[in-house]
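The values are calculated or read from the model by the stated rules, or taken from the named source; none is laboratory data. Quantities reported herein were computed from a predicted structural model and do not represent experimental measurements. Methodologically, a virtual Cβ is constructed for each residue, glycine included, from the backbone with ideal geometry; neighbour enumeration extends over all protein chains shown.
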Amino acid sequence: MIRHRPHGSGHPYAETEDQRVPARPLDGEPVELRVRASANVAAVVCEWAADGGPPIELPLTRRDAGARAGAGADGGHLAAAQARAARAAAGSWAVRTPALRAGHRYAYRFRATTADGVTRNGRWFEVSAASWSDGGGKLDVTGADRVVPGSVRWLSDGDGPLRVRFELALGPEEHVVGFGERFDAVDQRGRELDAVVFEQYKAQGRHGRTYLPMPFAMVVGSADSDGPASWGWHVRTSRRTWYDVGASTPGRVRVEAEVGRDGELGVRFHDGGAPADVLRGFLDDVGRPTELPPWVFRLWASGNEWNTQERVLAEMDRHREHGIPVGAVVIEAWSDESTFTAFRGAEYEPSEEPHRLADYTFPPDGPWPDPKGMVDELHRRDIKVLLWQIPLQKTRPHPRHQAAVDARQLVERGYGVREPDGRPYRNRGWWFPLALMPDLSSQEVRDWWTAKRRYLVEEVGVDGFKTDGGEHAWGHDLRYADGSDGAAGNGLFPVHYARAFGDLLRSCGKAPVTFSRAGFAGSQPHGAFWAGDEDSTWEAFRSSIRAGITASACGIVYWGWDLAGFSGEVPQAELYLRAAGAAAFMPIMQYHSEFNHHRTPLRDRTPWNVAARTGDERVVPVFRRLAELRERLVPYLVEQARTAVGGGAPLMRGLFFDHPRDPRVWRYPLQYKLGDALLVAPVTEPGITEISVYLPDGDWIDVWTGRDLAGGQEVTLPAALDHPPVTCAKEHWTRLAGVFTDLPIAHQRRC
């Protein structure tokens with residue numbers, strides 16, 4: 001009849017129509033109590049009692065559905081999610097309580113009356129107001145203590161500590177970089193942000209949200225600093241944290257973090273002469289990246305609508321016909337979209353035990369008549385294969401066949417993430433709603449989940465997995481097998497997810513190549529990452545470059561993006577080629593396109609489709625040149641990645657990494673180094689024929705002309721579409737000069 005969830009859906013950024021607002025009130029605040037009611041409810045009353053006294057009655061009123069429906073209560077990106085939000089608003093009632101006072105306990109319940117006079121009481125809920133004080137918990141500081149004396153404050157309610165807050169001092173010229181992958185800015189000074197894993201579908205830069213947050217940042221010193229060139233801090237928690245980086249008080253970083261009821265929080269400070277030293281200390285805490293094989297540095301190709309064996313091979317044929325080398329294909333639409341273990345169209349009997357390849361029959365007229373033959377053929381062409389995954393067991397529509405077996409096993413064996421009452425958690429997000437979620441914090445569950453996919457590696461021969469969608473755990477009070485609650489465990493879910501598939505690949509003798517968008521501190525050892533979902537716009541291009549620079553500053557070595565975006569109309573030729581030119585000088589170079597219901601004209605981001613859609617004849621030859629250049633760069637990228645994995649500076653890194661005391665580098669936040677030798681200046685605006693590039697101290701070479709360039713100054717470089725503005729440190733030029741000549745690739749083109 002009515003529903004009330006004090007904390008709502010657990011969405012970190014949006015309120016729901018059935019929650020308490022705020023969920024955790026402060027001393028002196030009233031709260032708004034909301035319920036969702038069925039259509040036959042005519043009246044709702046709240047019984048509100050303080051400290052066990054007699055309750056008072058607070059009548060609820062219907063909320064304004066029109067005002068709420070457009071607010072995106074679920075924050076979803078699908079039309080169905082918005083429709084659900086509108087329906088929720090239409091059935092929502094609310095009342096505002098008297099102000100709550102710290103030190104008191106309040107109880108409330110709801111009574112609903114239907115139009116025909118039937119009255120029912122709901123269960124009682126409790127709440128208490130929280131207040132800030134000087135005591136209540138323990139802040140465990142490791143390293144040189146930089147906490148401002150007297151700044152530590154604790155937020156507690158009637159049941160104990162909830163959060164801690166403290167401040168750090170910033171010098172007038174210091175810059176702050178980190179917090180995981182960030183799309184809005186490289187230097188976060190003057191901004192407010194948080195660290196919580198979240199699927200922001202597109203426009204991450206405008207919303208300040210990220211799939212891959214981390215409670216770590218480094219402070220890069222000014223030229224006048226007498227101390228180390230950089231230092232950093234790591235809030236050693238997987239719970240949510242917040243940061244005010246000099247936005248409210250210049251010269252202060254305010255850090256706020258959720259704590260468990262034990263009230264303990266660890267903070268480790270890292271001092272170093274260079275940013276690489278600070279990063280190395282952080283990676284000692286959370287784990288070092290794992291070296292991946294050379295093929296990951298070749299071009300990756302993908303399209304969501306490549307949903308048959310014939311289509312995949314046809315697209316790879318087109319690469320060969322156009323002379324565009326490709327190293328990997330990511331096949332998203334391969335599975336039955338129910339189990340994510342069986343190829344669509346395969347015939348087989350459901351089983352309690354993991355299937356082997358021999359258990360499947362692939363009809364000759366089906367979408368995947370010979371998956372192993374396809375993979376073998378792609379391997380003959382020296383193309384690796386990755387398959388798409390999600391970490392959910394779908395329950396809509398009602399599971400049948402093998403999906404029913406998998407869902408039953410997950411529930412009966414207690415293998416799912418759980419609600420506080422022990423029931424299996426069902427996905428509260430907008431993507432695959434109500435799906436079950438395997439509890440990948442458990443080794444037993446990881447083994448069970450990946451065993452169903454083992455034949456894909458051992459027998460079909462796939463080389464990796466696109467571990468998509470690790471952001472579905474919502475709710476602070478969920479329960480995990482490792483003893484974590486949702487507040488601590490949700491952020492670690494994508495870490496366990498990528499780890500599970502990496503372990504599967506290793507156990508089959510393959511490199512642990514996973515391709516994830518979600519993660520947290522601790523994700524560094526687990527595969528490669530991409531920047532998630534974005535439109536094909538210049539704004540998204542700039543946001544993605546920032547994401548790569550900031551992710552690398554937190555120890556992500558293998559990173560890329562859907563070059564020129566994957567969503568919306570096909571990008572214009574100029575944007576596509578500028579993005580390809582930048583991606584050729586990033587750790588991962590890949591293109592991808594969103595599902596478009598197989599409507600024509602196609603929205604594939606293949607160079608030939610972009611050429612056909614835009615009518616620009618430059619697209620294919622320029623893209624070919626960039627892909628060939630990428631092939632020549634592979635040995636350099638392998639060498640530099642090995643250095644990064646071994647504790648050196650990141651592969652893709654902002655100029656501040658190598659020049660932390662040069663204040664001028666901050667005026668060029670989208671420039672970056674690729675390894676020790678190359679400085680890349682992406683062209684991120686249309687209509688550019690030349691670009692101003694800042695060269696830090698040292699001697700440089702324009703890689704396209706061989707012209708000597710003096711560092712410590714701004715120079716103007718030509719910016720042809722087929723010659724992205726790149727310079728090389730002169731000391732490395734001898735060994736790299738051949739990469740940038742117009743000579744054919746030294747080895748035979750293999751695709």
Do we have any residue at all in the stretch 21-33 that's of a type in the set (Val, Ile, Thr) and touching a Gly at 6+ places or on another chain (Cβ under 9 Å)?
-> yes
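Residue by residue, here is whether (1) out of contact with any Lys or Arg (no Cβ under 7 Å at 6 or more places or on another chain); (2) crowded, with 20+ Cβ neighbours inside 10 Å; (3) touching a residue at least 24 places away in the same chain (Cβ under 8 Å) holds:
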residue	(1), (2), (3)
124	no, no, no
138	yes, no, yes
143	no, no, yes
147	yes, no, yes
155	no, yes, yes
165	no, no, yes
177	yes, yes, yes
When residues of the stretch 8-50 are filtered for being over 29 Å from residue 154 (Cβ atoms) and among the polar types (S, T, N, Q), how many remain?
-> 2
Can you find a residue in the stretch 498-506 that is aliphatic (A, V, I, L, M), touching a Ser or Thr at 6+ places or on another chain (Cβ under 6 Å) and touching a residue at least 40 places away in the same chain (Cβ under 8 Å)?
-> yes
All positions within the stretch 680-697 that are free of Cβ contacts under 8 Å to residues at least 60 places away in the same chain, touching a Pro at 6+ places or on another chain (Cβ under 8 Å) and either closer than 23 Å to residue 272 by Cβ or not charged (D, E, K, R) (or both) = 681, 689, 691, 693
For residue 551, work out the one condition from (1) surrounded by fewer than 24 Cβ atoms within 10 Å (Cβ to Cβ); (2) modelled with pLDDT of 95 or more it doesn't fulfil.
-> (1)
May I ask you to say which residue of 611, 584, 579 is at pLDDT 95 or above and over 27 Å from the mean Cα position of the chain (by Cα)?
-> 611
Do we have residue 219 as of a type outside the set (Asp, Glu) and part of a loop (DSSP other than H, G, I, E, B) here?
-> no
Which of the residues that make up the stretch 450-465 are assigned to a helix (DSSP H, G or I) and aliphatic (A, V, I, L, M)?
-> 451, 456, 457, 460
Among the residues of the stretch 347-399, which ones are in contact with a strand residue (DSSP E or B) (Cβ under 8 Å, 6 or more places away or on another chain) and among the polar types (S, T, N, Q)?
-> 361, 389, 393, 395
Are any of the residues in the stretch 425-434 surrounded by 15 or more Cβ atoms within 10 Å (Cβ to Cβ) and farther than 18 Å from residue 490 by Cβ?
-> no
Would you mind finding the one in 347, 321 that is out of contact with any Asp or Glu (no Cβ under 8 Å at 6 or more places or on another chain), closer than 26 Å to residue 400 by Cα and loosely packed, with under 14 Cβ neighbours inside 10 Å?
-> 347
Just a yes or no: is a residue in the stretch 679-701 surrounded by fewer than 22 Cβ atoms within 10 Å (Cβ to Cβ), outside the structural domain of residue 550 (by TED's automatic domain parsing), farther than 20 Å from residue 580 by Cβ and under 31 Å from the mean Cα position of the chain (by Cα)?
-> yes
Being hydrophobic (A, V, I, L, M, F, W, C) and more than 25 Å from residue 323 (Cβ to Cβ) is the filter; apply it to the stretch 705-723 and report the residue that is surrounded by the most Cβ atoms within 10 Å (Cβ to Cβ).
-> 717
Would the stretch 384-392 turn up any residue that is farther than 27 Å from residue 447 by Cβ and touching a Gly at 6+ places or on another chain (Cβ under 8 Å)?
-> no
Quick one: how many residues across the stretch 202-226 are among the hydroxyl-bearing types (Ser, Thr, Tyr), modelled with pLDDT of 95 or more and in contact with a His (Cβ under 9 Å, 6 or more places away or on another chain)?
-> 0
(1) assigned to a loop (DSSP other than H, G, I, E, B); (2) closer than 29 Å to residue 299 by Cβ: which one isn't true of residue 351, the others all being true?
-> (2)
Filtering the stretch 443-500 down to residues that are within 24 Å of the chain's Cα centre (by Cα) and of a type in the set (Lys, Arg), which residue is surrounded by the most Cβ atoms within 10 Å (Cβ to Cβ)?
-> 466
Report, by residue number, each residue of the stretch 20-51 that is in a loop (DSSP other than H, G, I, E, B) and farther than 23 Å from residue 103 by Cα.
-> 38, 39, 40
Can we say residue 519 is under 30 Å from residue 600 (Cβ atoms) and in contact (Cβ under 8 Å) with a residue 24 or more places away in the chain?
-> no
Within the stretch 263-292, can you find the residues that are part of a loop (DSSP other than H, G, I, E, B) and modelled with pLDDT under 95?
-> 273, 274
Of all residues making up the stretch 502-517, the number that are in contact with a strand residue (DSSP E or B) (Cβ under 9 Å, 6 or more places away or on another chain) and closer than 16 Å to residue 293 by Cα = 8
Just one listed residue, out of 247, 229, is modelled with pLDDT under 95 and crowded, with 16+ Cβ neighbours inside 10 Å, and it is 229
Could you tell me whether residue 178 is in contact with a Cys (Cβ under 9 Å, 6 or more places away or on another chain) and of a type outside the set (A, V, I, L, M)?
-> yes
State whether one or more residues within the stretch 724-739 are surrounded by fewer than 20 Cβ atoms within 10 Å (Cβ to Cβ), in a loop (DSSP other than H, G, I, E, B) and either in the same structural domain as residue 537 (by TED's automatic domain parsing) or not β-branched (Val, Ile, Thr) (or both).
-> no
Can you spot a residue in the stretch 468-483 that is outside any loop (DSSP other than H, G, I, E, B) and small (Gly, Ala, Ser)?
-> no
